[in-house]
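Colleague: The structure under discussion is supplied below as structure tokens; questions concerning it will follow.
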Amino acid sequence: MDMNIVELENYFVSLNEKKFKALQVFEWLYIHREKDINNFSNLKKELRDKLKNDFKYDFITIKKYETGKDVKKYLFELSDHNYVEAVLMYHDYGKSVCISSQVGCNMGCKFCESGRLKKVRNLETYEMVEQILLIEEDIKDRIQRIVIMGIGEPFDNYDNVINFLRIVNHPKGLGIGARHITVSTCGLVPKIKEFSDLDLQVNLALSLHAPNDTIRNKIMPISKVYTISQVMDAIKEYLAKNNRRVTIEYVMLNMVNDSDECAYELASLLKGLNVYVNLIPYNETNNLDFKKSQRINEFKDILLKMGINATVRREFGGSISAACGQLRSKEV
């Protein structure tokens, strides 16, 4: 079911039913994890029949999974026989899941395996929620954190992603705290500005990956549409309205964006902003020519010296192609 709680309340009001029935449906779906509407026992039969008629129930399935150290990668088959992947990661502080938001991706980042298959379609809200539900069912435990950084550009599927956020954050939904949810974008400026005006308190991450347009244009085609200056102006607007720290994601590519000059330029770009830089060791694939930088610590030290908070992302799932930039939406 694709509706958030407000939309579902409005649906019941349109049927001259009480708003609280929306909470009852949410409880059945997300607390009791009941998929069969016939079993929604506190709703009258006529209303259950109406729900079955008005909503689709094309649930996704786990096609297969692979396990590695502190990680498990899931391949999901959708009702139209397309595929997406999600990754479960085990941390000291709990379990997190990186989910996909599209089948394929049109952003075309040169270093990313996911973008090799152009976008087939957006995922529906329920297809994103189901990734979490099926993983929880598989591991028989709850997920504490969600990142929308899998296959696809979340802000290219904006409405469905926002619905997803409202459902998983709602206490009668999956009940995951907003501060434990992160949505990533490669820099779709109009959507960053729209996101700035929402009442959501989820974390925002910007996939920047270069300190200037010359380098970014070579590795991220979106930079030819929205310059770094435009992107950073949108981030500053977000910071002014939300006063929440933004994560700057920066994949470290050997002899592309990892020089001392790049570090100093990045520090200058971010100076004075409520951000921190997450340096990502590049995960090499057989299909792309980029190599992992050997200068991550030197790069980090320059940022720290220049007053920019920086961390190095822990490496997950490289042995099973489940790491950042390695996910695909094609069955092989």
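Colleague: Check Ile308, Ile302, Ile296 and return the single one that is modelled with pLDDT of 95 or more, assigned by TED's automatic domain parsing to the domain that holds Ile235, within 24 Å of Glu113 (Cβ to Cβ) and of a type in the set (Val, Ile, Thr). Reasoning before the result, please.
Modeller: Working: Ile308 fails: within 24 Å of Glu113 (Cβ to Cβ); Ile302 fails: within 24 Å of Glu113 (Cβ to Cβ).
It is Ile296.
Colleague: Could you please tell me which pairs satisfy a Cβ distance under 6 Å, a separation of 6+ or placement on different chains, a first residue in the range 97-114 that is at positive phi, and a second residue that is aromatic (Phe, Trp, Tyr) and assigned to a strand (DSSP E or B)?
Modeller: Once the first residue is at positive phi and sits in the range 97-114, no partner that is aromatic (Phe, Trp, Tyr) and assigned to a strand (DSSP E or B) comes close enough.
Colleague: Just to be sure, is Asn243 among the polar types (S, T, N, Q) and either under 20 Å from Ser114 (Cβ atoms) or at pLDDT 95 or above (or both)?
Modeller: On the way: among the polar types (S, T, N, Q): yes; either under 20 Å from Ser114 (Cβ atoms) or at pLDDT 95 or above (or both): no.
So Asn243 fails the test.
Colleague: Then there's this: Please go through (1) exposed (fewer than 15 other Cβ atoms within 10 Å of the Cβ); (2) within 30 Å of Phe164 (Cα to Cα); (3) in contact (Cβ under 8 Å) with a residue 12 or more places away in the chain for Asn278 and return the number of the only condition it doesn't satisfy.
Modeller: (1)
Colleague: Which of the residues belonging to the range 182-195 are over 11 Å from Tyr226 (Cβ atoms) and either of a type in the set (A, V, I, L, M, F, W, C) or in contact with a strand residue (DSSP E or B) (Cβ under 9 Å, 6 or more places away or on another chain) (or both)?
Modeller: Thr182, Val183, Ser184, Phe195
Colleague: Would you confirm whether any residue within the range 132-140 is in contact (Cβ under 8 Å) with a residue 40 or more places away in the chain, buried (at least 18 other Cβ atoms within 10 Å of the Cβ) and within 19 Å of Met3 (Cβ to Cβ)?
Modeller: Looking for residues that are in contact (Cβ under 8 Å) with a residue 40 or more places away in the chain, buried (at least 18 other Cβ atoms within 10 Å of the Cβ) and within 19 Å of Met3 (Cβ to Cβ), one finds at least one in the range 132-140, hence yes.
Colleague: Would you mind stating whether Tyr74 is more than 21 Å from the chain's Cα centre (by Cα) and in contact (Cβ under 8 Å) with a residue 12 or more places away in the chain? Give the derivation first.
Modeller: Values: more than 21 Å from the chain's Cα centre (by Cα): no; in contact (Cβ under 8 Å) with a residue 12 or more places away in the chain: yes.
No; evaluated as a whole, the condition is false for this residue.
Colleague: For a quick check of your reading of the model, give me the residue pairs whose first member lies in the range 154-166 and is in contact (Cβ under 8 Å) with a residue 24 or more places away in the chain and more than 22 Å from Glu9 (Cα to Cα), whose second is of a type in the set (A, V, I, L, M) and buried (at least 24 other Cβ atoms within 10 Å of the Cβ), with beta-carbon atoms closer than 7 Å and at least 6 apart or on different chains.
Modeller: Qualifying pairs under 7 Å: Pro154/Ile148; Pro154/Val161; Asn157/Leu123.
Colleague: Next question. Can you tell me how many residues in the range 1-48 are among the small types (Gly, Ala, Ser) and either touching a strand residue (DSSP E or B) at 6+ places or on another chain (Cβ under 8 Å) or in contact (Cβ under 8 Å) with a residue 12 or more places away in the chain (or both)? Before the answer, list the steps.
Modeller: Let us first name the residues in the range 1-48 that are among the small types (Gly, Ala, Ser), namely 14, 22, 41.
With the extra rule that they be either touching a strand residue (DSSP E or B) at 6+ places or on another chain (Cβ under 8 Å) or in contact (Cβ under 8 Å) with a residue 12 or more places away in the chain (or both), the set shrinks to 22.
Adding up the residues that qualify gives 1.
The values are calculated or read from the model by the stated rules, or taken from the named source; none is laboratory data. Computed from a prediction, not measured in an experiment: that's the story for all the values here. With ideal geometry, Cβ positions are generated from the backbone for all residues, glycine too; neighbour counts draw on all protein chains shown.
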